[in-house]
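First comes the structure, then the notes that go with it.
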Amino acid sequence: MQKNKPADRRLDHSDPDTRLRGPFEATAEADASEVLDVLTDPLCRRVLGCARTAVTARDVSDATDLSMSTTYRKLEVLTDAGLLETQTELREDGYHTTRYRATLDEATIRIGDDDELHVSLQRTTDDDA
């Protein structure tokens with residue numbers, strides 16, 4: 001039985017176009033249940049509240065008093081749910097810095113005619129940032 005290998009998240013430093021990724025890139029829309037799960041997590045809400053402007057994981061960790069490992073896990077969950085967008089900046093020393101910014105202005109939850117929950121997200125525009 002073959003185990004799933006984690007995705008290789010290293011950046012190709014030889015490509016000059018990778019010096020700056022972004023400006024900010026959000027993931028595809030998440031489904032309603034995923035967004036609701038994320039928003040019911042109090043730690044995710046704390047992290048999301050810190051990201052009204054572009055912040056690093058260290059900024060979030062310091063502001064929320066969370067460990068770096070917990071901070072990175074919550075940032076990944078929020079990004080996967082489409083509630084954070086990211087920008088990666090490569091530095092000359094070979095390391096990179098990722099900044100996170102909330103994409104959420106407002107969330108609306110309603111029960112539709114089909115008796116299903118529907119989540120509408122009002123996103124932050126670049127003009128709001």
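We did not get these values from a lab; they are worked out from the coordinates using the rules stated. Here the structure is a predicted model, which is why all the values come from computation and not from measurement. All Cβ positions, even for glycine, are placed from backbone atoms using ideal geometry, and neighbour counts span all protein chains on display.
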_Wholly enclosed helices (runs of 4 or more DSSP H) of the range 40-114 bearing at least 2 residues without any contact (Cβ under 8 Å) to a residue 12 or more places away in the chain and over 17 Å from THR124 (Cα atoms)_ = 57-64, 68-80
*asked:* Given the criterion crowded, with 17+ Cβ neighbours inside 10 Å and under 21 Å from ASP31 (Cα atoms), identify the matching residue among ALA81, ALA54.
replied: ALA81
